[in-house]
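Here is the structure we will look at, set down as structure tokens.
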Amino acid sequence: MKKINSNLYLLAIFAFLFTSCSKDENSGLTDDPTKAQLSFGAILNDIESGRASEKSHTSFLDEVPECSDEAAAYVEIILSRNGVNVVGSEATPHRVNLAAGQIFTVEDAALELEPDNYSLEYFAVYGASGEMIWLAPYGNGGNLSQFVDTALPISIDLGAGVKKYVEVDVLCYDDRGVNEYGYLFFDVDQNRAMEFCIFGNFCDDTGRHYPAQYSVDVWSYANGILGDQLYEDVYSDVYLNNDGDYAASPVCFALPDTEGMDEYYFEITIRNSDAYGDVDERVIRAGVINDDDVRDLMGDNDDVDYYHFREGNCGDMEDFPNFFNSEYPGLFAFVDDYADSFFNIEPFPALTPIYPSLTIEDAYDFQVLLNIELQQRGLEEISGYKLGFTADMKPFGAPKPIYGRLYSSFEVPNGTTLSISEDFIRGSVGYEVAIIIGKDIRTAISPEEAKDAVKAIAPAFEFADFAFNPNNEVIDFRDIIATNSAARTYILGEETLLENLLDQGINPNQIEVTGTLDGNVILEAAIGLPVDGIFQAVSFLSQELASTGSYIKAGDIILTGAIKGNQLDGPGTYVGDYGILGSIRVTLVE
């Protein structure tokens, strides 16, 4: 396999200061109180980088000057007002010298300006040799601007008599002579970006291998939430080489890498190619990787492998590394089917009859893909989590409780009316308790530690929907995990602060709930029955999420699972009397 060998560090921020300086006797300034003055200073750190091949998707680094040991001597700028350049131009930027041995400019008559709104359009720093050593990136959302806090243009509001202070970030790189496809990462204001490269093969029906033509989309991803799209429709380059053979280069991406774990969601779409003809253009790989996955590609001496996928009739050859469950052909297609079924309230097939070797981890990976698809289709705000199978006797062969994500749009008002046939496929009624979290829980915690994290509790109904096709007679717990643990709809009652209960000497786990259907008692139990209590529930979920790099946020709700299982017994009015916590009500109709 082709190795990548390089180190690209972008260790610098250059903060430019528009600020007052000691006055130069020969500067030509008038100190006119009706005008404003600009001068430049800098806080200069260093940047290092490894240079990637121009064939990679990091060629935008060509814009950045190479870092130099040469001292900064002067800056060149362009200032505009109302769209017209007033200091410097594209052809001849205005030069402002730096004070000897300092990183701020001497005063300059051209920067004594009428009060108004100005825009800094260009800013570069040069050494005495005339070589550019730092450059301010331009344009919000551009390849370079993503690595700084504030890119050009920068608006500057100058008032009369003011000596203005503004910060501007700049970049440079250190070319270490990286070989083809190089490995890359930046460090900008304590943030880095690592390069992740992809190479693919397509195998036709005869098993012949070709370089794959494909496109890639990349999003940021954090704690179950799809973030900004970082790259869109980035195509591989398949070409005829000098020998008349089809060849290709890896496609490389600079992925932001901040403190802590960073995650990225990838979709790879196979495309038609002159090499092998037309194919069914579809997403063939999708999933979340993190910065540790990228680092794991690094070997000794900073050698780095790229991710190599193989699509089609490639025999026993597998992806390396196998990031995206390529051992389950066609699995990703079920994500769309499940999302369609969720929004259309239609049944869907279980996965384990098709993929019997599916593991718990595989099922949760599928759940992640389903949640991403639901978010792309309009579900936005994650409100918390639901637990399932929290009783001592766990159905469907589950070895432990399971969890899924809740969205704010799943909540319906207390007292609402729902249709058993129109709002669900195979619905259920669970009397539960909702835990409201008061602070972030970023690590696995004990039940005792969970007491400090719980803000309040509330009565809750959950209406899980086990929406499998009727012909799926045997359902496995892995199937339910894959469906986002059957999350569909819930109701919350009024919140009661945990502190108030404890001050009254009330053990929240011992609060009794009485459930009735049209006035007839169908449930009597303590609310702490699931998972041996509400604090154990928080502890369990914190451990499960921490193992995946996710965490519980302040404000999240956790539904602890049905108390004594499903209580659905046909249409009617269901009431839950939770004593000191209040009551909840729902009416179910056919």
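Accessible area, 1.4 Å probe, largest first: how do ASP476, ASP245, ASP362 sort?
The residues order as ASP245, ASP476, ASP362, largest area first.
Reachable aspartates and glutamates from LYS553, Cα under 12 Å, same-chain residues fewer than 8 places away excluded?
Within reach: ASP440.
Quick one: grab the alpha carbon gyration tensor of region 243-301, order the square roots of its eigenvalues as a ≥ b ≥ c, and give me rounded if a/c is under 1.5, else prolate or oblate depending on whether a/b is larger than b/c. Working shown, then result.
Numbers: a/c = 3.51, a/b = 1.72, b/c = 2.04.
Oblate, because a/c is 1.5 or more while a/b does not exceed b/c.
Would you mind calculating the gained length between ALA247 and VAL474 on full extension (0.36 nm times residue separation, minus the Cα-Cα distance), in nm to one decimal?
Stretched out fully, the ALA247 to VAL474 stretch lengthens by 76.9 nm.
Please label the shape of region 207-309 as rounded, prolate or oblate, based on the square roots a ≥ b ≥ c of the eigenvalues of the alpha-carbon gyration tensor (a/c under 1.5 means rounded; beyond that, a/b larger than b/c means prolate, else oblate).
It is oblate, given that a/c is not under 1.5 and a/b is not larger than b/c.
With a cut-off of at most 13 other beta carbons within 10 Å, and DSSP calling the residue loop, which GluC sites (Glu not before Pro) in region 188-273 qualify? Please list them. Write down the numbers at each step before the final one.
Working: sites: GLU195, GLU232, GLU259, GLU263, GLU267; in loops: GLU259.
Passing both the DSSP loop test and the Cβ count: GLU259.
For a paramagnetic label modelled at 7 Å from the Cα of GLU524 toward its Cβ, which residues of region 566-590 fall within the zone defined by backbone nitrogen distances under 14 Å?
Once the point is set 7 Å along Cα→Cβ of GLU524, 577 turn out to lie under 14 Å by backbone N, inside region 566-590.
Please find the FRET efficiency linking ASP292 to LYS400, where r is the Cβ-Cβ separation and R0 is fixed at 25 Å, and quote it to the nearest 0.05.
Between ASP292 and LYS400 the formula returns 0.50.
Quick check: from the Cα gyration tensor, does region 484-589 come out rounded (a/c under 1.5), prolate or oblate?
Oblate, because a/c is 1.5 or more while a/b does not exceed b/c.
Each label point is 7 Å from the Cα along the Cα-to-Cβ direction; what then is the distance between the points at ASP452 and ILE360, in nm?
The modelled label-to-label distance comes out at 2.8 nm.
Efficiency by 1/(1 + (r/R0)^6): what FRET value for THR514 and ASN322, r their Cβ-Cβ distance, R0 = 56 Å, to the nearest 0.05?
0.65
Roll a 1.4 angstrom probe over the protein heavy atoms and tell me the percent of accessible area of region 242-310 that is carbon or sulfur.
Result for region 242-310: 31 percent of the exposed heavy-atom area is carbon or sulfur.
Return the carbon/sulfur percentage of the accessible area of region 497-590, one whole number, probe 1.4 Å, all protein chains in place.
45
What distance in nm separates the simple spin-label points at SER155 and ASN97, each placed 7 Å from Cα in the Cβ direction?
Output for this residue pair reads 3.6 nm.
Can you tell me the length gained on complete extension of the stretch THR573 to ASP228, counting 0.36 nm per residue apart and subtracting the Cα distance? The partial results should precede the final answer.
Numbers: separation 345, 0.36 × 345 = 124.20 nm, distance 4.35 nm.
That works out to 119.9 nm of additional length.
Apply 1/(1 + (r/R0)^6) to the Cβ-Cβ distance of ASN566 and ARG282, taking R0 = 41 Å, and write down the FRET efficiency to the nearest 0.05.
0.60
How large are Rg and Dmax for region 441-535 when only the alpha carbon atoms are used, in Å?
Using the Cα atoms of region 441-535, the pair Rg, Dmax is 17.0, 53 Å.
Hey, quick one: spin label on SER583, modelled 7 Å out along Cα-Cβ, who in region 458-483 has an amide N within reach, i.e. under 16 Å?
459-461
Is any residue of region 461-487 close enough, with backbone N under 19 Å, to a label point placed 7 angstrom from the Cα of ARG377 along the Cα-Cβ axis, and if so, which?
Residues 464-470, 479-487 fall inside that zone.
Within region 467-569, report the chymotrypsin sites (Phe, Trp or Tyr not before Pro) that DSSP leaves as loop and that have at most 12 other Cβ atoms within 10 Å.
none
Report the trypsin sites (Lys or Arg not before Pro) located in region 242-309 that are in a DSSP loop and have at most 13 other Cβ atoms inside 10 Å of their Cβ, or state none.
ARG282
The values are calculated or read from the model by the stated rules, or taken from the named source; none is laboratory data. Just so it is clear, the model here is predicted, and its values are computed rather than measured. Cβ: placed from backbone, ideal geometry, glycine included. Neighbour counts: every protein chain shown. The protein model used for the area step is the full one, side chains on, heavy atoms only, and it has no ligands, DNA or RNA in it. Shrake-Rupley method; radii C 1.70, N 1.55, O 1.52, S 1.80 Å.
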